Amino acid sequence: MSEVTVQGGQEVLGVGRIEGPILVVEGGANVSYDEVVEIQDSRGQVRRGRVLEVGEGFAVIQAFAGSTGLSIDGTRVRFLGNTLHIPVADEMLGRIFDGLGNPIDGGPEPLTDRYMDVNGQPINPTARIYPRDYIQTGISTIDGVNTLLRGQKLPLFSGAGMPHDQLAAQIVRQATLGKIAGAPPTEGEEFAIVFAAMGVKNDVADYFRRSFTESGALTRVAMFLNLADDPPVERIVTPRAALTLAEYLAYELEKHVLVVLTDMTNYGEALRQISNVRGEVPSRKGYPGYLYSDLASMYERTGRIRTSKGSITQIPILTMPNDDITHPMPDLTGYITEGQIVLGRELNFAGIYPPVAVLPSLSRLMKDGIGKNRTRDDHPRWGAQLYAAYARTQDVRALASVIGEEELSDVDQKYLKFGRAFEREFVNQSFTENRSIERTLEIGWKLLSILPKKELTRVTLDEIAQYYKGDDASN
Amino acid sequence: MSEQVGTITWISGPVVRARGSRHVGMLELVEVGTERLVGEVIGLKGDQMTVQVYEETAGMQTGAPIFGTGLPLSVELGPGLIQSIYDGVQRPLPLIEEAVGSFINRGARFDSISREKKWKFTPKVKVGDEVKGGAVLGAVMETDTFEHRIMLNPDDSGTISWIAASGEYTVTDVIAKVKMGREEKSVTMLQRWPVRRARPFVSRRGANIPLITGQRILDTFFPVAKGGAAGIPGPFGSGKTVTQHSIAKWADAEIIVYIGCGERGNEMTEVLQEFPHLVDPRTGRPLMERTVLIANTSNMPVAAREASIYTGITIAEYYRDMGYHVALMADSTSRWAEALREVSGRLEEMPAEEGYPAYLAGRLAEFYERAGYVNNLNGTQGSVSIVGAVSPPGGDFSEPVTQHTKRFIRCFWALDKSLASARHFPAINWLDSYSEYLEDVAFWWREKTGKDWLSMRNRAMELLSEESRLSQIVKLVGPDALPYTERMVLETTRLIREGILQQNATESVDAFSSVEKQIRMLELVLYFHERGMAIVRRGAPINLIHDLPVVDTIIRAKSTVTNEEMHKFDDIQKQIDQQMGQLDAEYRS
Ligand SMILES: Nc1ncnc2c1ncn2[C@@H]1O[C@H](COP(=O)(O)OP(=O)(O)O)[C@@H](O)[C@H]1O
Ligand SMILES: [Mg+2]
């Protein structure tokens, strides 16, 4: 094994061991933890990797593009002396990159001398501004009962074959800064969009590209694509590269940035694979014990800070294996993100779009972005009432399936009616329908008016007097 | 200054190995690499030491030096802790922001407690006084209303040979000299204490005063005592954090230590932005003026997350030693356990359950043992109550952290996903939760309210468990099959659930219920039940009770009647009397 120091770092010829995407390099001094390397195979082809572990005289390296074609003797590893950085620039909007941030749209390298570490750094909690401004997405199940705020991380939990891509595309297309109900529409600033694909099929990436083109957003979108047939290990970097650009755009150029990451489940797969090859002690379902921290290191790269007017809002998409919300990927994601929008198989079968399963969905920040002077005074209680009524509907449905609908009490019959109408009129809307917040509130009140007043204990009596439209004349 | 004691031989994430084990002690604080990152020795074997590093290690190289300090990982204690926000190893986050901007840079070093700020010191001892460890030497007003007692280090004792006159001093100015044998020791207002060592006290006292949180399901149904330990497990989105925030806001403790351990940045920001504007109902001062925050969020270094729990509890014990009631919130202990697991995994230790190290249970026990209501060294009494959130994977309470925690706490607040989905908050399941402090605090309730709280509480619990039995039947045959007396139970339990158990943390009137309001609400609902029961026994159909207007009034009372308007409950009782009286009269004949 020979060692030479070339410009830009030392080089080692030959590796000690290759296992899956992991190489162990012997020799080499002063290697840094997490340093980037260039790996050259015997034909001179170069791929990149990074250092996962360093010991005296050895380093464990993860090759982003895998180890196919690498040989023990013919491989050269060059240590570049720094952690992984990508160029960042405003002109990256409108461009398409691979999963490591290299242009793949035929255009030139971004012209910039700003390079940023893809790992980012934790935002100091004292530097954050708590999110308060809501984003109107025009979708009732979001704006009404799971309101999204600028600077929030709100994932879509979905399953194979469900329309999460359409929903994400609709959100991106319709998102504007929300306004107080009744106020005239304002010219909202447009979002810059950073889109990262991890292990999804080409049609998915294509679908989003078309959608961005049709809505005229393409010039505001930067796409980072690691597709299904791209090297899985690269997926570890893709969302981080995307978020690095997003941070630059939001915190240095003061833009409002919407980040869509899909599919985080594929990301988790890649992480699990590397962990298994390294023989690490697994926690649940073979995922490494640090999965939570690893996911948090990406999801927490969201929000607003005091030194910039910009913001990062994250919409990660993940498909739940077997629709199981307790699977480690959705589970740990839900523990980190500020709520979740869950898509339901049954609603989807029933032809309801978007099939948002309202009960398990949640926006944790909603309470701070709605109500008086934000949307409308009654909004928080109205939302709680819709939730409570719809939850009751589920119980009534279960009872009806046992004793039969005819046997239900009058009130329970009304709940059934409410539930059906809620799904068909509130949840259901078309892919192109952009509902105003006023409209969403109005539909909700119309549905609540199916129920007797006495059932509506979450809203105030004044609100009932003002908005209730049912035929229950009692006081 | 510290000298080089070792050389790094291996790096993997937050764990580093180095040669030079002979020059350091176990749990010694060391400085790692040329940037002198903070670390702690967690293993010694042969020539090798293992160090966990409290900062990001990317870019660190083998061959880099390790410096010893000769000290264990410690916190600084003294005036100026209140209103601070620290990371897991007590670095002041506002100063880091000032120095390096919005993103936390490694290697930033700052004093945990300001060396410049002057405090008005008033001596409490005089020359010649014999003083033992913990003795109160003097006091400063740490906020307008909070007296911070300057205590002699617990390990010291002797005779006061000099004491500073009343006046303004910094925490490093000498304020007393103590003759200890032949030596004379200079004492300042600043103390260091190793975080992994519990601060000593004389003895434990019975925990028989409830920690009043203003949360009805806690105080009325599952109370925790001052000095007690409670666990609050629940899946994501079930209400752990909101409950912890509510306790931090409204609990009747004099000091709150809130540890955001591996959780969201925005949640800490929320506390930072909200607490200065919320008023402590007892002192009339902003809530921030009794709060110390430790924020080691999920994206901050994982080893510092492990330390954050100890940093917090040591600060809590310090205030306890002054004779105060302290409540500590840790959100979430599961993230702390995962930090242990992560470090253990890098050390390739033999895992026990689900990859957690075998010493998980021991560490949890040590932590919860540091709760207590105690007789302090200086003759005062103080308490540390612990409320630990637990985040079980998939919401499955059979996992190791929940199970082990259960062994060391006496109060279990079980959050329930289905209640949360139905927006029944706090989503604490009343059938799965328990408190072992009920008998202990019953006397306090009687003294305070003159009412037999425990019997009323037990009666309500009885009705709730009856409800759960009845609802099984209802699920099979519908409610009509039940006799009216059983349906009366369901009417009442609806009032208990919606009128008492449900409490909206975001609604100003409802967020905090005084003890008086809590017991009065319970009393009213039970009164409603007794009267209703008498009427249905006479054959009145249940829907007549169901349709009484007072039902709605009772359910709304939590947010329509403030803590100051107790007389309004008398009005509601009159309405019950009047409306029930009418029915009663009709069915008496
Ligand atoms: N007591 C409460 N009052 C009102 N809303 C609550 C209450 N408890 C929980 N919530 C709602 O539930 C959401 C999730 O609660 P949170 O405490 O963040 O859950 P966890 O910490 O268990 O993940 C909150 O954002 C809030 O909307
Ligand atoms: Mg939480």
Practice task
Please go through the range A:322-348 and pick out each residue that is among the charged types (D, E, K, R), free of Cβ contacts under 8 Å to residues at least 60 places away in the same chain and more than 7 Å from every other protein chain (Cβ to nearest Cβ).
Solution key: A:Asp324, A:Glu346
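Of these, A:Leu291, A:Leu343, which one is out of contact with any Asp or Glu (no Cβ under 7 Å at 6 or more places or on another chain), over 21 Å from B:Arg264 (Cα atoms) and buried (at least 21 other Cβ atoms within 10 Å of the Cβ)? It would help to see each step written out before you state the result.
On the way: A:Leu291 fails: over 21 Å from B:Arg264 (Cα atoms).
Criteria check complete, one pass: A:Leu343.
Of all residues in the range A:327-344, count the ones that are aliphatic (A, V, I, L, M) and away from ligand 2 (no atom under 16 Å from the Cβ).
The initial filter retains those residues of the range A:327-344 that are aliphatic (A, V, I, L, M), namely A:329, A:332, A:336, A:341-343.
Still in the running and away from ligand 2 (no atom under 16 Å from the Cβ): A:329, A:341-343.
Count: 4.
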Completion exercise
Note: among B:Gly80, B:Gly25, B:Gly43, just one is open to solvent by 10 Å² or more (accessible area, probe 1.4 Å) and at positive phi, namely B:Gly80
Fill in the blank from the handout: From the option list B:Phe408, B:Phe443, B:Phe412, single residue qualifying as open to solvent by less than 10 Å² (accessible area, probe 1.4 Å), more than 13 Å from chain A (Cβ to nearest Cβ) and either touching a residue at least 60 places away in the same chain (Cβ under 8 Å) or acidic (Asp, Glu) (or both) is B:Phe412
Exercise for the section: Scan the range B:422-466 for residues that are part of a helix (DSSP H, G or I), more than 20 Å from B:Ser514 (Cβ to Cβ) and charged (D, E, K, R) and report the count. Expected result: 5
Exercise for the section: Considering each of B:Val127, B:Val140, B:Val171 in turn, give the residue that is part of a strand (DSSP E or B) and over 24 Å from the mean Cα position of the chain (by Cα). Expected result: B:Val140
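May I ask you to say which residue of B:Gly234, B:Gly239, B:Gly214, B:Gly228 is in contact (Cβ under 8 Å) with a residue 12 or more places away in the chain, open to solvent by less than 10 Å² (accessible area, probe 1.4 Å) and within 16 Å of ligand 2 (Cβ to nearest atom)? Steps first, answer last, please.
On the way: B:Gly239 fails: open to solvent by less than 10 Å² (accessible area, probe 1.4 Å); B:Gly214 fails: within 16 Å of ligand 2 (Cβ to nearest atom); B:Gly228 fails: within 16 Å of ligand 2 (Cβ to nearest atom).
Result: B:Gly234 is the single residue among B:Gly234, B:Gly239, B:Gly214, B:Gly228 that is in contact (Cβ under 8 Å) with a residue 12 or more places away in the chain, open to solvent by less than 10 Å² (accessible area, probe 1.4 Å) and within 16 Å of ligand 2 (Cβ to nearest atom).
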Handout entry: Looking only at the range B:274-284, and only at residues there that are of a type outside the set (S, T, N, Q) and not in a helix (DSSP H, G or I), the one that is farthest from ligand 1 (Cβ to nearest atom)
Key = B:Gly284
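Let me confirm something: among B:Glu274, B:Glu263, B:Glu267, which residue is surrounded by 24 or more Cβ atoms within 10 Å (Cβ to Cβ) and within 16 Å of ligand 2 (Cβ to nearest atom)? Quick ask: steps written out before the conclusion?
On the way: B:Glu274 fails: surrounded by 24 or more Cβ atoms within 10 Å (Cβ to Cβ); B:Glu267 fails: surrounded by 24 or more Cβ atoms within 10 Å (Cβ to Cβ).
After ruling out the rest, the residue left standing is B:Glu263.
Filter the strands (runs of 3 or more DSSP E) completely within the range B:314-407 down to those with at least 3 residues that are closer than 27 Å to B:Pro14 by Cβ.
Passing ranges, in order: B:325-331, B:381-390.
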Exercise for the section: Could you tell me which of the residues B:Val292, B:Val271 is free of Cβ contacts under 8 Å to residues at least 40 places away in the same chain, of a type in the set (A, V, I, L, M) and either in contact with a strand residue (DSSP E or B) (Cβ under 9 Å, 6 or more places away or on another chain) or assigned to a loop (DSSP other than H, G, I, E, B) (or both)? Expected result: B:Val271
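Have a look at B:Ala557, B:Ala511 and point out the one that is farther than 23 Å from B:Leu482 by Cα, touching a residue at least 12 places away in the same chain (Cβ under 8 Å), within 14 Å of chain A (Cβ to nearest Cβ) and not in a helix (DSSP H, G or I).
Values: B:Ala557 fails: not in a helix (DSSP H, G or I).
Being farther than 23 Å from B:Leu482 by Cα, touching a residue at least 12 places away in the same chain (Cβ under 8 Å), within 14 Å of chain A (Cβ to nearest Cβ) and not in a helix (DSSP H, G or I) holds for just one of B:Ala557, B:Ala511, which is B:Ala511.
One line per residue, one yes/no per condition, for (1) near ligand 1 (Cβ under 9 Å from one of its atoms); (2) farther than 22 Å from B:Leu278 by Cβ; (3) charged (D, E, K, R):
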residue	(1), (2), (3)
B:Pro223	no, yes, no
B:Ala230	no, yes, no
B:Gly237	yes, yes, no
B:Val242	yes, no, no
B:His245	yes, no, no
B:Lys249	no, no, yes
B:Ile259	no, no, no
B:Gly265	no, no, no
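Quick check on my filter: what residues within the range A:182-202 are on the phi > 0 side of the Ramachandran plot and loosely packed, with under 15 Cβ neighbours inside 10 Å?
Narrowing the range A:182-202 to residues on the phi > 0 side of the Ramachandran plot: A:182, A:199.
Residue satisfying the conditions is A:Gly182 alone.
For (1) more than 10 Å from chain B (Cβ to nearest Cβ); (2) within 29 Å of B:Lys558 (Cβ to Cβ); (3) assigned to a helix (DSSP H, G or I), each residue gets a yes or a no:
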{"position": "A:Ala384", "(1), (2), (3)": "no, yes, yes"}
{"position": "A:Thr432", "(1), (2), (3)": "yes, no, no"}
{"position": "A:Leu447", "(1), (2), (3)": "yes, yes, yes"}
{"position": "A:Leu451", "(1), (2), (3)": "yes, yes, no"}
{"position": "A:Val459", "(1), (2), (3)": "yes, yes, no"}
{"position": "A:Gln466", "(1), (2), (3)": "yes, yes, yes"}
Practice task
Specify the residue that is nearest to B:Trp336 (Cα to Cα); the eligible residues are those in the range B:381-405 that are without any contact (Cβ under 8 Å) to a residue 12 or more places away in the chain and more than 12 Å from every other protein chain (Cβ to nearest Cβ).
Solution key: B:Gln403
Practice task
For the range B:250-294, name all the residues that are more than 20 Å from B:Ile309 (Cβ to Cβ) and of a type in the set (Phe, Trp, Tyr).
Solution key: B:Trp250, B:Phe275
Problem - Cross-chain or 6+ apart pairs with Cβ under 8 Å, the range B:85-105 first and closer than 20 Å to B:Ile259 by Cα and more than 7 Å from chain A (Cβ to nearest Cβ), then open to solvent by less than 10 Å² (accessible area, probe 1.4 Å) and among the aromatic types (Phe, Trp, Tyr) - result: B:Gly88/B:Tyr54; B:Val89/B:Tyr54; B:Pro92/B:Tyr86
Fill in the blank from the handout: Over the range A:346-368, the set of residues in a loop (DSSP other than H, G, I, E, B), open to solvent by less than 10 Å² (accessible area, probe 1.4 Å) and away from ligand 2 (no atom under 16 Å from the Cβ) is A:Pro354, A:Pro355, A:Val358, A:Ser361
Handout entry: Test: B:Leu81 is within 14 Å of chain A (Cβ to nearest Cβ), closer than 30 Å to B:Asp321 by Cα, of a type in the set (A, V, I, L, M, F, W, C) and not in a strand (DSSP E or B)
Key = no
Handout entry: Flag for B:Glu498 being within 16 Å of ligand 1 (Cβ to nearest atom), charged (D, E, K, R) and in a helix (DSSP H, G or I)
Key = yes
Exercise for the section: Would you mention how many residues in the range A:99-151 are touching a Ser or Thr at 6+ places or on another chain (Cβ under 9 Å), on the phi > 0 side of the Ramachandran plot and open to solvent by 20 Å² or more (accessible area, probe 1.4 Å)? Expected result: 1
Practice task
Please go through the range A:66-88 and pick out each residue that is closer than 14 Å to A:Val36 by Cβ and assigned to a loop (DSSP other than H, G, I, E, B).
Solution key: A:Leu80, A:Gly81, A:Asn82, A:Thr83, A:Leu84
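The values are calculated or read from the model by the stated rules, or taken from the named source; none is laboratory data. Keep in mind the model is a prediction, meaning the values are calculated, not measured. Every residue, glycine among them, receives a Cβ derived from its backbone with ideal geometry; neighbour counts consider all protein chains shown. Calculation scope for accessible area: heavy atoms of the full protein, side chains included, ligands and nucleic acids excluded. Shrake-Rupley method; radii C 1.70, N 1.55, O 1.52, S 1.80 Å.
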